[in-house]
Each structure stands twice: as structure tokens, then as C-alpha cells.
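Below: the structure, in C-alpha cells.
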Amino acid sequence: MFNKLKKFLKNFFEIVESFKEVRSIARRMFITNSFDSIFASLGVMIGAYEPYLNSLILGMSILGSSLTMGIFSSVISVYFSERNERLKELKDLEKTLMVSLKDSIYGKSINFLSLYVSLWSGFGAFVFTSLISLPFFISYFLNFNITHALIISLFISFVELGYLGYYMGKISNENVLINIIKNIVLGLLAIAFVSLVKYALRIYI
């Protein structure tokens, strides 16, 4: 069993190393789904927060969205969509060359490359949101105020947005500070938007 796993991992990393372009795709999916998960968490936090609310409920709501997004949307859906795109490329190439490429290096690597992209996609969605939900669980078990947990979670959210800005700036060789500020402003706009919708619904419903 261990030897099979070792062989699988060896093949996996060798294939990823052979197809350099897959790293760029994985980075894009990581960044995109990280943003999605952080903004979704901000929406749940601001939309559902009430001073009297059980912090465990809010924590579970955020974590539940994280697990759903991380497993089903960011991993499984991305795996299938990436695999379908690569199979299409393979079939188009087969039509052009008029020969089967199923047993070629690329043909055999499709599942590995799709898995690599989907794992990075899911990592971004799951890890960031899990960290955001953590203060609410700590609040519940240590019995401290949910408002304090909210403030800590918001702080974590902005740290994560700042990190993504830093990461994007490094990749693109752009001004890192400007990218960080842009992301933080986006976070503030998201909070303002959800707060406005929440306020409007309270008035009219």
C-alpha cells in the first residue's frame, strides 16, 4: 500500500514538473477560489451576525460554506472542468494528427494534471475560510463575546486579503503595496454592501 502511494506521488510530481503551464493554471484557480471563499465568509459573517447569536452557529455556517465550496465547487467541479478541457484538447489534436494519443505522455497525464489544479483550487477555498471561522468556535468553547470573535475574524479576513495582494504583486512584478491596498478596499466594499442590504431588508421586511 505504501509503495503504491509512493509510486503514485512520484509519478504525480514528475508529470507536474513536465508540464510547466499547469502551475500557472493552478495559481489562477488558487487565487480565484481564495477570493471567493473569503468574500463568501464575509457575507455570512456580516449578514448573519447578531450580538445575541450563538457563536457556534455562526462558526458552523462559515465552516459549512467552506466545506461545500472547498470540496464540491473548488475541487470536484474544477477537476471535472479541467479534465474536460484537456480531453477536448487531446481529441482536437488527435483529429489534426489523425492518430490516437491516448497512450501518449499527455494522454496519460490528463488525470494527474487535473487533480493538481483542483487540489490547489480547493486549498485556497478551504484553508482561508477555516481560519476565518476559527474565532467563533473559540468564542463558543471559551465563552467570550461573539462580537470580539467577529472583530478577530474580520482581522483575519483582511490579513488574508492582504496576503493575496502580496502574492499577486509578486507574481505580476507589480507594486505589492498597491495590490494589498486594492484587496483591502475590496473587502471594505464587500462589508459595506452586505451591511447595506441587511439594513434595507430590516426596514422593508
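The values are calculated or read from the model by the stated rules, or taken from the named source; none is laboratory data. Values in this document were obtained by computation on a predicted structure and should not be read as measured data. Cβ: placed from backbone, ideal geometry, glycine included. Neighbour counts: every protein chain shown.
Could you identify the single residue in Phe141, Phe128, Phe112 that is of a type outside the set (Gly, Ala, Ser), in a helix (DSSP H, G or I), closer than 14 Å to Ser37 by Cβ and at pLDDT below 95?
On the way: Phe141 fails: closer than 14 Å to Ser37 by Cβ; Phe112 fails: closer than 14 Å to Ser37 by Cβ.
The conditions single out Phe128.
Among the residues of segment 62-76, which ones are in contact (Cβ under 8 Å) with a residue 24 or more places away in the chain and either of a type in the set (Ser, Thr, Tyr) or within 19 Å of Tyr106 (Cβ to Cβ) (or both)?
If we filter segment 62-76 for residues that are in contact (Cβ under 8 Å) with a residue 24 or more places away in the chain, which is where we start, we get 62-63, 65-67, 69-71, 73-76.
Matches in segment 62-76: Ser65, Ser66, Ser73, Ser74.
Quick one: would you say Ser118 is within 29 Å of Ala48 (Cα to Cα) and not aromatic (Phe, Trp, Tyr)? Give the derivation first.
Values: within 29 Å of Ala48 (Cα to Cα): no; not aromatic (Phe, Trp, Tyr): yes.
Here the answer is no, as Ser118 does not meet what is asked.
I'd like to know if segment 107-122 contains one or more residues that are surrounded by fewer than 18 Cβ atoms within 10 Å (Cβ to Cβ) and β-branched (Val, Ile, Thr).
No.
If you check Leu150 against the conditions, is it more than 20 Å from the chain's Cα centre (by Cα) and surrounded by 14 or more Cβ atoms within 10 Å (Cβ to Cβ)?
Yes: the conditions hold for Leu150.
Among the residues of segment 55-74, what is the count of those that are at pLDDT 85 or above and among the β-branched types (Val, Ile, Thr)?
Going through segment 55-74, the residues at pLDDT 85 or above turn out to be 55-64.
Still in the list and also among the β-branched types (Val, Ile, Thr): 57, 62.
Final tally of qualifying residues: 2.
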